[in-house]
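**Q** Supplied in structure tokens, the structure appears directly below.
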Amino acid sequence: MKTIQHIDSYPADSSIVRRVVSILRDDLTTIGYPTEEMDEIVISMDEALTNAIQDTIRAQTNIPLAHPDRVRSITVRYLVDEEHFEATVIDHGGGFDLARSFRDAPSRWSDDYFGELVRYIEMSEPDRLRVTVNGHELALKGIGAGLKILLAFMDSINIDLIDRKDIISDSVSEFTDGTILTIRRQRRYR
């Protein structure tokens, strides 16, 4: 079975999206993926890279010790073969806001509890989206447009927070220093 792996670090700059996507498209073509499948994977990687870059740039401008000549990097690793695609993007941004996700949970004291409950059930993706913190899986409630795009084209998504204090964090705090996003998918088209 033919396998191609790519791993590299890039400056957190939007110009790298086109470069990484071009390399990925060439690798998918080499493996023999059809155009429709390549497009879905490329859209997912574009979204993951764009989010990682934006979060890293945003965090970088908010760190008082950041030196303008020292641009933080994102790391991209992917593995593609004839049956699978898997990618990991590591950024040094502010981290995925788990607290906001929990605020979106239904409140039994709400006047619209039933409506909130229905929306919560519809928005949850427990079999495909997994957030792990300190080895414990968290139920994610309410997801943004970026994760919805990834869920449309990927079979599973794992998110871990990097924390300067605890290495893997259970919440976004002043110590949060990034996210490890891993996306996976089985081959869908022949």
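**Q** Sorting check: for 31-44, 4-17, 79-92, which peptide has the highest mean count of neighbouring beta carbons within 10 Å, and how do the rest follow?
**A** Numbers: 31-44: 16.6, 4-17: 14.3, 79-92: 19.0.
Per-residue mean Cβ counts within 10 Å order the peptides as 79-92, 31-44, 4-17.
**Q** Report the calculated FRET efficiency for residue 184 and residue 9 (r = Cβ-Cβ distance, R0 = 25 Å), to the nearest 0.05.
**A** Values: r = 21 Å, r/R0 = 0.86.
The value I calculate is 0.70.
Read-outs throughout are calculated quantities, based only on the coordinates presented, and are distinct from any laboratory measurement. Please read these numbers as outputs of a predicted model, since none were measured by experiment. Virtual Cβ from ideal backbone geometry, glycine too; neighbours counted across all protein chains shown.
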